[in-house]
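Below is one structure; the comments refer to it alone.
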Amino acid sequence: MTWPVYEAKSRFSELLDAAVELGPQIISRRGVETAVVLPIGTWKRLQQAARQLAIDPLTDPSGPHDLYIPSRQNFTIRPVKFED
């Protein structure tokens, strides 16, 4: 269900009850869907799923181990000029 912001403000308890009983509730501002109120269980599941997707490939033991690391042997040292 979509709730206009003025109605969501005036009927906030009903909005929370609907989120718990019926699932996510959308809040719109000037006809544009702007926010979602969802049960805490749904929020926690979404957070856990997002954490599982955000695995760092450099620290993941099952990640790629054939990353190319360029050699640093071919570099030149530039003289440093000091101004008096």
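The values are calculated or read from the model by the stated rules, or taken from the named source; none is laboratory data. Predicted model only: the values in this text are computed from it and were never measured. Counting neighbours? That spans all protein chains shown, and the Cβs are built from the backbone with ideal geometry, glycine included.
Just need a number here: residues in region 33-74 that are among the β-branched types (Val, Ile, Thr), exposed (fewer than 11 other Cβ atoms within 10 Å of the Cβ) and either modelled with pLDDT of 95 or more or part of a helix (DSSP H, G or I) (or both).
Total meeting the criteria: 1.
Could you give me the residue pairs with C-beta distances under 6 Å whose first residue belongs to region 2-30 and is under 17 Å from TRP43 (Cβ atoms), whose second residue is modelled with pLDDT of 95 or more and in a helix (DSSP H, G or I) wherever it lies, and which are 6+ apart or on separate chains?
Note: pairs meeting the criteria are LEU15/ALA8; GLN25/LEU15; GLN25/ALA18; GLN25/ALA19; ILE27/VAL5; ILE27/ALA8.
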